[in-house]
Amino acid sequence: MSSADGAAYTGRPCPVCSSPGGRLLYAIPAVPVNSNLLMDSPQAARAIPRGRLDLVQCHRCGYLANRAFDEGLIHYDTRYEDSQAFSGTFMAYAEHLAGSWVDAWELTGKTVVEIGAGRGDFSELLARAGAGRVIAMDPTIDPARFGQRDPRVEPLVRAFRTADDLPACDAVVMRHVLEHVDDPVALLTQLRVALADRPGVPVLAEVPDATRILAEGAFWDVYYEHCAYVTPRTVRELFESCGYAVRSLDSAYQGQYLLVAATPTASRREARLAAADLAADRAPAERFSATVRRELDDWRRRIRELPDDHDVVVWGSGSKGTAFLIAMGEEASRIGRVVDVNPHLHGRFVAGTGHPILAPAQLAERPCDLVVVMNPVYLDEISRQVQELSPGATVTALGTPVDGRRS
């Protein structure tokens with residue numbers, strides 16, 4: 001793993017404003033191109049293709065993107081499994097979000113299209129919140145798994161690429177889609193074309209907030225599938241330059257996500273941030289590389305200095321867990337197990353490292369000494385489970401003080 005410390009970048013132009021150059025904040029020569037594919041053996045997990053990551057900040061519009069991203073390396077199909085629906089904490093948040101969107105945009109009894117619906121978990125929550133019909137659109141959908149869904153949720157097994165792909169609807173939802181899109185201008189432009197005769201139809205998007213990632217040096221939140229990292233300023237500029245009026249922009253999920261509500265307008269314009277806005281986003285970006293080094297050094301040292309007989313468990317096998325284990329390098333060998341609440345992942349292996357993924361209940365069979373939680377939002381929820389399964393283990397989370405907490 002390497003860093004860049006703000007070096008000038010001379011590769012691909014910005015995907016939003018096409019400006020050449022930029023500031024290289026962070027570079028990793030080889031990371032797994034998929035973090036959430038179901039891996040059936042440790043050998044297959046370790047053999048997953050790798051790609052380069054060059055995190056670059058645009059000088060003109062401030063957009064952060066992996067300019068080395070190659071969409072052809074990414075593989076999305078029915079083996080892609082990233083559902084968070086098995087966490088009570090996450091589901092409480094998602095239920096509230098679905099209800100608030102249905103209420104705020106008067107979608108009761110109306111048709112909603114969810115682009116990038118994954119397994120359809122949020123689509124079902126929209127239906128429960130009152131939407132009359134929800135079209136769950138995603139190329140990874142397995143229609144057979146929709147047999148037990150709310151009948152108001154209809155699977156549509158394809159990606160959104162052109163205006164003709166969008167069914168008639170009263171709202172469009174995109175949760176954690178834009179950060180996977182190498183050409184967000186093309187996607188939002190095609191969506192605006194599809195809604196040209198329906199200017200009142202809202203586009204409701206949720207994206208990770210890079211503000212926290214930059215401030216914390218959260219290297220575990222930087223991975224290949226996420227080719228874009230937005231701040232409140234850059235996501236507003238992206239939507240407005242693509243011909244949308246941003247009706248609201250809010251922080252959610254303890255500052256981890258941004259919620260955008262926008263409606264299509266008639267005109268596009270060049271993407272460019274004001275000098276003051278560029279400066280505000282530039283400051284934490286310039287510190288990112290150094291902050292990452294400190295975080296990496298601290299975690300590697302902490303794991304390296306544990307007694308040899310200490311059993312370390314990572315809780316969370318998705319993108320964060322994969323990024324963390326890859327970044328640990330040699331110290332990853334000190335981590336014997338990875339736990340995840342998603343039953344579809346049990347018996348599988350972590351992409352890139354081959355660590356086995358276990359059910360939480362298996363901690364009771366062999367207690368551990370340290371549990372490292374990949375997202376602090378779930379720290380309380382997971383600490384309660386560890387208290388029952390492996391009493392006395394220390395539970396700590398990424399992005400929190402290293403003292404952690406004792407369960």
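Each value in this text was obtained by applying a stated rule to the coordinates, not by laboratory testing. Please read these numbers as outputs of a predicted model, since none were measured by experiment. With ideal geometry, Cβ positions are generated from the backbone for all residues, glycine too; neighbour counts draw on all protein chains shown.
Descriptive notes on the structure:
- For the range 88-268, the relative contact order works out to 18 percent when only alpha carbon pairs closer than 8 Å and six or more residues apart are counted.
- Charged side chains reduced to their Cβ positions (Lys and Arg at +1, Asp and Glu at -1) give the range 307-406 a dipole of some 240 debye around its Cα centre.
- Packing around the peptides 285-295, 122-132, taken as the average count of other Cβ atoms within 10 Å per residue, puts them in this order, highest first: 122-132, 285-295.
- Total charge dipole magnitude, the chain, about the Cα centre, Cβ charges on Lys, Arg, Asp, Glu only, Debye to nearest 20: 620
- Computed as a quarter of the hull surface, the mean projected area of the alpha carbon convex hull for the chain stands at 18.7 nm².
- R0 of 22 Å, Cβ-Cβ distance residue 161-residue 104: FRET efficiency to nearest 0.05: 0.20
- A simple count of charges around residue 192, restricted to other residues whose Cβ falls under 13 Å of its Cβ and scoring Lys, Arg +1 and Asp, Glu -1, yields +1.
- Think of it as helices only: each DSSP H run of n ≥ 4 in the chain is worth -39500 (n - 2.57), and spread over all residues that comes to -8500 deg cm²/dmol at 222 nm.
- For the pair residue 197 and residue 240, a Förster radius of 25 Å applied to the C-beta separation gives a FRET efficiency near 0.75, rounded to the nearest 0.05.
- Anisotropy class of the range 307-406 from Cα gyration tensor, a/c 1.5 cut: rounded
- Lacking any other cysteine beta-carbon closer than 4.7 Å, the following Cys residues of the chain have no compatible partner: 169, 227, 242, 368.
- Which of 72, 109, 55, positive extreme of dipole for the range 54-117 (C-beta unit charges): 55
- Subtracting the Cα-Cα distance of residue 302 and residue 183 from their residue separation scaled by 0.36 nm leaves 38.9 nm.
- Compared with the alpha-carbon gap, the fully stretched path from residue 91 to residue 267 is longer by 59.6 nm at 0.36 nm per residue.
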